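Taking it in order: structure first as C-alpha cells, then the write-up.
The values are calculated or read from the model by the stated rules, or taken from the named source; none is laboratory data. Here the structure is a predicted model, which is why all the values come from computation and not from measurement. Ideal geometry is used to build each Cβ from the backbone, glycine not excepted, and the neighbour counts take in all protein chains shown.
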Amino acid sequence: MPTPGTHPSAAVRHLLDLLNLLVEGAPAESFALSAGQAAHLSEQEAAAMADATRVALRIRRTLSQHRRREAELAALFDTAGDLAGLRDLDSVLKAIVHRAKLLLGTDVTYLSLNDDEAGDTYMRVTDGSVSAAFQRVRLGMGEGLGGLVAETARPYTTGDYRDDPRFRHTETIDGAVAEEGLRAILGVPLRLGARVIGVLYAADRTARAFTPDEVALLSSLADHAAIAIDGARLLEETRTALVELNAASRTIEAHSEAVRRAEDAHDRLTDLVLRGGDVTDVAGAIGALLRGGTLIHDAEGTELARAGADPRPPSARAVAASRADGRAVPVDGTWVCAVLAGPELLGSIALSGRADLDDADRRLFERAGVVTALLLLLRRSVAEAEDRVRGELLGDLLSGAADPAGLSARARRLGVNLDRPHAVFVLHPETAPRPRLLAAAARTAHTRKGLAGTHHDDVVLVCPSESPSACAAGLAHELGQALAGPVTVGAAGPATGPGAIADTYAEARRCRTALRSLGRPGTGAALGDLGFLGVLLGDQTDLGGYVQRTLGPLIAYDAQRGTDLLHTLQVYFAAGMNQTKARDALHLHINTVVQRLDRIGRLLGDDWQRPERALELQLALRVHQVATGFGNRPEPNGDSL
C-alpha cells in the first residue's frame with residue numbers, strides 16, 4: 001500500500017481497476033492490460049499484474065456462475081410456485097415445457113408420459129414444435145433417446161441425434177425428428193421415487209453440446225415437474241372420485257327413495273287387500289300410484305277390473321313374455337305384468353298412459369302384481385269355500401233334500417231368498433270348456449243373488465225370475481259373449497220355496513236336451529217356447545195355456561167380431577190346405593175364403609203355413625175342439641171375416 005503523500009504504483013492502480021471492473025460486472029476483454037500500460041512496467045511488475053488479471057477473471061467467472069445459478073434457482077422457485085398453483089393436469093404439463101424452453105433457451109421443448117399398459121412412452125405436450133407427426137410420435141421402451149431415458153431413468157444428451165450410434169434408431173422416430181429438424185437433444189427422466197412417469201426434453205435445430213449445467217437445470221425442473229404432475233393427477237383422481245361419490249350418493253338416495261316408495265305402495269296395497277278391498281279398489285290404487293290407467297284380467301282373459309283405461313283384451317304374447325321373464329314388459333305403449341302364484345298364472349295387469357317406466361316405477365308395478373296375486377288367491381280361496389257351501393246347498397235343493405226350512409235358512413245366510421219366485425237354468429257349453437262356463441255362471445249368480453254349481457254333470461244356475469223364457473234367451477246371449485262360444489240354456493219355473501226346485505230342475509234339463517235335439521244350440525228357452533213338444537215334455541200338462549199361446553189371437557178375434565176364423569182354419573187344414581176344396585166345404589165364394597185366410601195370416605204371423613207351425617196349429621185346433629166343441633157350431637154369415 002502506498003504511504004501517505006506518495007503516488008500509488010502502476011501495479012496498485014491496476015489492482016484497483018480490476019476490482020472496479022469486478023464490481024461493475026464488466027466483460028472479460030475489459031480486464032486485459034493495454035499496450036500503453038504494459039510499456040511502462042518492469043518485467044516483474046508486468047508478471048505480477050498478469051497474475052492479478054488471471055485471478056480477477058477467475059473471480060469474475062465464479063461470480064457469473066453464482067449469479068447464473070441464483071437466476072436458475074430463482075427461476076426454479078418461480079416454476080415450483082407456478083406449478084403448485086395449477087390444478088389442471090394439462091395446464092401443469094404446458095407450464096412445464098414452456099418454462100423449460102425459457103430457462104434453457106432451446107428451439108423446442110416437449111414432454112412424454114409413460115403408458116404402462118402399452119409399454120411405451122408417448123408425446124403429450126410440445127412447445128415450439130411445428131411437425132404434426134412429431135407431436136404424435138410414440139417411443140417403445142429403449143427406442144431412440146427418449147425411450148432409453150424412460151427405460152433407464154437416466155438423462156441422455158446428443159449433439160446431433162441422427163448421426164449418434166448410441167441410440168436405437170427406428171424409421172418412425174427418425175422420420176419425426178427429421179421432419180421437426182432437430183439435431184441436439186437433451187432428455188431427462190420425470191421420476192417419482194424409483195418410478196419413471198415420463199421424459200422432459202430440450203432440443204435445438206442446430207448441432208451443439210449440452211453443458212452439465214443445462215443437464216442439471218433441466219433435471220431439477222423435471223423433479224419439480226414430476227411432483228406437480230403427480231399432485232395434479234392425485235387432485236384429478238380426487239375430483240373424479242368425488243364426482244363418482246356424489247353420483248353414487250345420489251344413486252343411493254334415489255334407490256332408497258324408490259325402495260321407500262315401493263315399500264309404502266306395497267303396504268298400502270296389502271292393507272287394502274287385508275281390509276277387504278276388491279280388484280276394482282286395487283286397480284284404482286295401482287293407477288293412482290303409477291299415474292296411469294289400469295286393467296286387470298284373469299288367466300282366461302276375462303276383465304276383472306278397470307280404472308282410467310279403455311277396455312281391451314290382454315296381449316297373450318306380452319303376458320307370456322312377462323311370465324317367462326318374471327318382469328313387466330312393454331308392448332305398444334302399454335306395460336304388462338303377469339300375475340303369478342309360483343308357476344301358476346292367475347291373470348295379468350296392464351298399465352296404459354306410461355310409455356316409459358323408470359326402474360323404480362317398474363319395480364313398483366311388478367310389486368303391484370304380487371299384491372294382485374295375493375288378492376286373487378284370497379278371492380279364490382273365499383270363492384272356493386263359498387262355492388263349496390253354495391254347491392252343497394244347490395245340490396240339496398236340486399236333489400229334493402228334506403227339511404225345506406233348513407234349506408231356506410242356509411240360503412238366507414248366503415243372501416238367497418227362496419221365498420221369492422226362482423227359475424232354474426241348465427247350461428251347456430257347445431265349444432268352451434265346462435270350467436269356464438261354471439266360472440261365468442258363478443259370476444252371474446253373484447250378480448243376480450242366486451246359486452250356481454254342477455249337478456249330475458250339469459252346470460246349473462238358480463236365480464230370482466218370474467219370466468224364465470226371457471231370462472233364458474238373455475243368458476244364452478250373455479254367457480255366449482263371455483265365453484266367445486255358443487251356450488245352450490234350458491229354463492223352467494218359476495218355482496217358489498225350496499221344495500219346488502228339484503222338479504223345476506228336471507224340467508229345465510229336459511228343455512236343454514230338447515233344444516239341442518231340435519238343432520237349436522246356442523239358444524235359450526223354456527218348454528213353453530217349444531210348442532206342443534214342450535207340453536209333451538212338461539210334468540204339468542197345461543193344454544189350455546198351450547191353446548191360448550198358439551191360437552189366442554184367432555180366439556180373441558172371433559169373440560170380439562162374432563166371426564169363425566177358427567172353423568175356417570180347421571176346414572182349410574182338413575182340405576189339405578187347398579183353397580178350392582175349402583171353399584166347397586165351407587160353401588163360400590173363393591174370395592171370401594181368401595180374405596179369411598189373409599186375416600188369419602195377419603193375426604198369426606206370416607209363417608203360419610210352415611210345416612212345423614201348421615202342425616202346432618192343427619194340434620191346438622184339435623185340443624180346442626175337444627175342450628169346447630167349437631167345430632159343431634153352424635157356419636156364420638158367409639160374408640163375415
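Is it the case that Leu269 is within 28 Å of Ala442 (Cβ to Cβ), crowded, with 18+ Cβ neighbours inside 10 Å and not small (Gly, Ala, Ser)? For Leu269, the condition - within 28 Å of Ala442 (Cβ to Cβ), crowded, with 18+ Cβ neighbours inside 10 Å and not small (Gly, Ala, Ser) - is met. Counting the residues of segment 134-160 that are surrounded by 21 or more Cβ atoms within 10 Å (Cβ to Cβ), out of contact with any Pro (no Cβ under 8 Å at 6 or more places or on another chain) and among the aliphatic types (A, V, I, L, M) gives 3. Residue count for segment 385-415 satisfying the condition of being out of contact with any helix residue (DSSP H, G or I) (no Cβ under 8 Å at 6 or more places or on another chain), part of a loop (DSSP other than H, G, I, E, B) and at pLDDT 80 or above: 1. Quick check on Val215: is it assigned to a helix (DSSP H, G or I), touching a Ser or Thr at 6+ places or on another chain (Cβ under 7 Å), modelled with pLDDT of 85 or more and closer than 30 Å to Asp164 by Cβ? Yes: the conditions hold for Val215. One residue alone among Leu145, Leu113 is assigned to a strand (DSSP E or B), in the same structural domain as Ala203 (by TED's automatic domain parsing) and within 15 Å of Pro189 (Cα to Cα), and that residue is Leu113. For Leu397, the conditions (1) at negative phi; (2) surrounded by fewer than 20 Cβ atoms within 10 Å (Cβ to Cβ) are fulfilled apart from (2).
Residues in segment 315-337 that are of a type outside the set (D, E, K, R), assigned to a loop (DSSP other than H, G, I, E, B) and under 15 Å from Phe365 (Cβ atoms): Gly326, Ala328, Gly333.
The residue of segment 496-513 that is farthest from Ala452 (Cα to Cα), among those that are among the hydrophobic types (A, V, I, L, M, F, W, C) and buried (at least 24 other Cβ atoms within 10 Å of the Cβ), is Cys511. Being modelled with pLDDT of 75 or more, on the phi < 0 side of the Ramachandran plot and of a type in the set (D, E, K, R) is a property that Arg622 lacks. Scanning segment 355-382 for residues that are in contact with a helix residue (DSSP H, G or I) (Cβ under 7 Å, 6 or more places away or on another chain), of a type outside the set (S, T, N, Q) and in a helix (DSSP H, G or I) turns up Ala360, Asp361, Arg363, Leu364, Phe365, Arg367, Ala368, Val371, Leu374, Leu375, Leu378. Within segment 417-460, restricting attention to residues that are surrounded by 15 or more Cβ atoms within 10 Å (Cβ to Cβ), touching a residue at least 40 places away in the same chain (Cβ under 8 Å) and assigned to a loop (DSSP other than H, G, I, E, B), which residue is nearest to the chain's Cα centre (by Cα)? The qualifying residue nearest to the chain's Cα centre (by Cα) is Ala432. When segment 477-502 is filtered for residues that are without any contact (Cβ under 8 Å) to a residue 40 or more places away in the chain and farther than 17 Å from Arg436 by Cβ, only Ala500 remains. Take Gly147 and tell me if it is within 58 Å of the chain's Cα centre (by Cα) and among the small types (Gly, Ala, Ser). Yes: the conditions hold for Gly147.
Of everything in segment 179-203 that's hydrophobic (A, V, I, L, M, F, W, C) and outside any strand (DSSP E or B), which residue is modelled with the highest pLDDT? In this case the residue turns out to be Leu182.
Conditions (1) out of contact with any Gly (no Cβ under 8 Å at 6 or more places or on another chain); (2) hydroxyl-bearing (Ser, Thr, Tyr); (3) within 18 Å of Thr372 (Cα to Cα), marked per residue:
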position	(1), (2), (3)
Gly277	yes, no, yes
Ala307	no, no, yes
Val339	no, no, yes
Ile349	no, no, yes
Arg354	no, no, no
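Which residue out of Asp174, Asp163, Asp230, Asp223 is in contact with a Leu (Cβ under 7 Å, 6 or more places away or on another chain), in the same structural domain as Glu117 (by TED's automatic domain parsing), free of Cβ contacts under 8 Å to residues at least 40 places away in the same chain and surrounded by fewer than 20 Cβ atoms within 10 Å (Cβ to Cβ)? Just one listed residue meets the conditions, Asp230. So Ile229 clears everything in (1) assigned to a helix (DSSP H, G or I); (2) closer than 19 Å to Lys101 by Cα; (3) at pLDDT 90 or above; (4) of a type in the set (Val, Ile, Thr) except one condition, right? Which one? Just one mismatch for Ile229, condition (3). Across segment 466-490, the number of residues qualifying as more than 30 Å from Ala299 (Cα to Cα) and crowded, with 24+ Cβ neighbours inside 10 Å comes to 1. Of everything in segment 461-482 that is within 16 Å of Tyr505 (Cα to Cα) and in a helix (DSSP H, G or I), the residue that is modelled with the lowest pLDDT is Ser469. A Cβ distance below 9 Å, combined with a sequence gap of six or more or placement on separate chains, defines the contacts here; from segment 308-334, residues that are under 16 Å from Ala355 (Cβ atoms) reach residues that are of a type in the set (D, E, K, R) and assigned to a loop (DSSP other than H, G, I, E, B) in the pairs Ser315/Asp332; Ala318/Asp332; Pro330/Asp356; Gly333/Arg354; Thr334/Arg312; Thr334/Arg354. Among residues of segment 356-380 that are over 16 Å from Arg275 (Cβ atoms), those with a Cβ under 6 angstrom from a residue that is assigned to a helix (DSSP H, G or I) and β-branched (Val, Ile, Thr), sequence gap 6+ or separate chain, pair up as Ala368/Ile286.
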